[in-house]
Amino acid sequence: MTARPDIFGAARLGYLVVQSQRLTDWNRFGADAIGLHVDELTRDALRFRLDDRQCRFLIQRGDAEDVVATGWEIDDHGTFDEILGRVTAAGLPITEGTAEQAALRGVERLWRFPGPKNVTTEIFTHARTTSAPLRMRNTAFVTGRSGMGHVAITTTRPEQLHTYWNNLLDLRLSDRITERIGPAKLKIRFLRSGQRHHSVALANVAGLRMDPIRTAVQHVNIEIATLEDLLAAFHRVTDLGFAMAWSIGQHTNDRELSFYSVTPSGFELEVGWNPVVVTPELEATWEPSHYDGISIWGHTVVGNQVATLMSRFQGAVRSLREREATVPALSSIPRGAHR
């Protein structure tokens, strides 16, 4: 049997699709608080830019108040066909994106198929760019070969979700963190698709199949280019009255300096600066590490979190009764995996 090719390094997070009824709030949050470039396409759609790409965030009117799709940029048609082959071989339903869907996302050759937690996975081969100048409050964001950032997901089935991303994109384990929250332990694993320390983070409560987060995605990360812009964005978020979830702090594993604000849809947006880059030299000898605690300093809870904690408790209890969508066709766990 011919071994399948390893496509690590040939895919990166390209865009996110969010469904919300709060487009006015999203416009103000994106443009005035975080300082992104905002294009108002129609009454029912906004796009955020970070760079010369037409789209990094697509906000469409709908009831989910959540991320509903992740878009992965694929280097070449050969790798694209390899991924489609893996999905087809697993027996998953796969559909070609319509011309309208591709245009809204600013991409070409768009295909869509099921992802964990009912978030659609989308792949594309070419992103459309624009020469229109960026109208944003920040100097720049770090994207390029590293993609737009990362997504963090809480799950009751971490092994299955880890296997899904391994089977699909050959992501590699960067490291793990154990975060103690009172008597509970949160286990977090970080998966990279290239030089960015991680494109996907998976978190679970140790020993309990409980998910305390309402949204499918707990947070989304974007990387800002300067410390001055990070601090300015932090102050704009608080000055404009948007909720801040976690204050500025520094992570133990990737050393990123960041803060977490609450988006109008309820999941968090992490704005970070200066994380570790897994260069080819580091990649050659990289071994996953384990860290106790997610932060070296900072990242303290901001504001009155009682209502949020009660809401999460209710969601956690509900999650005990519900079975999480894991896409079993791509999530079977081989013996000895994920050590």
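For the range 11-127, the Cβ-based charge dipole about the Cα centre amounts to some 220 debye (Lys, Arg positive; Asp, Glu negative; other atoms uncharged). Considering only beta bridges that DSSP places wholly inside the chain, some 70 percent are antiparallel.
Averaged over residues, the count of other Cβ atoms within 10 Å places the peptides 252-259, 174-181, 92-99 in the sequence 252-259, 174-181, 92-99, highest first. The antiparallel fraction among DSSP beta bridges confined to the range 1-159 stands at about 70%.
Largest GNM mean-square fluctuation across R49, R12, R109, computed for the chain with C-alpha springs under 10 Å, falls on R109. Projected onto the charge dipole of the range 144-330 (+1 at Lys/Arg Cβ, -1 at Asp/Glu Cβ, origin at the Cα centre), which of S247, A184, A203 gives the Cα projection farthest towards the positive end? The Cα lying farthest towards the positive end belongs to A184.
Label separation (T88 vs H290): 4.2 nm, computed from points 7 Å beyond Cα along the C-beta direction.
Each distinct pair of alpha carbons in the range 11-127 adds a 1/r term; the inverse of their mean, the Kirkwood radius, is 14.7 Å. Backbone geometry of the range 274-288 corresponds, through the Karplus equation with coefficients 6.51, -1.76 and 1.60 at θ = phi - 60°, to 3J(HN,Hα) couplings of 6, x, 4, 10, 8, 5, x, 5, 5, 4, 4, 10, 5, 10, x Hz, x marking Gly and Pro. Using just its DSSP H runs of length 4 or more, each adding -39500 (n - 2.57), the chain gives a mean residue ellipticity at 222 nm of -6000 deg cm²/dmol after division by all residues.
Only Lys, Arg, Asp and Glu carry charge here, each on its Cβ (+1 for the first two, -1 for the last two); on that basis the chain has a dipole of about 840 debye about its Cα centre.
Here the range 34-87 is assigned +1 on the Cβ of each Lys and Arg and -1 on the Cβ of each Asp and Glu. Its dipole about the Cα centre then comes out at about 200 debye. For the chain, a Kirkwood hydrodynamic radius built from all Cα pairs, placed in the Stokes-Einstein relation at 4 °C and 1.567 mPa s, yields a translational diffusion coefficient of 64 µm²/s. Taking a ≥ b ≥ c as the square roots of the eigenvalues of the Cα gyration tensor, an a/c ratio of 1.5 or more together with a/b no larger than b/c marks the range 144-330 as oblate.
Computed from the coordinates by the stated procedures, all read-outs in this text should not be read as laboratory data. The shown structure was predicted, so the numbers you read here are calculated from the model rather than taken from an experiment. All Cβ positions, glycine included, derive from the backbone under ideal geometry; neighbour counts span all protein chains shown.
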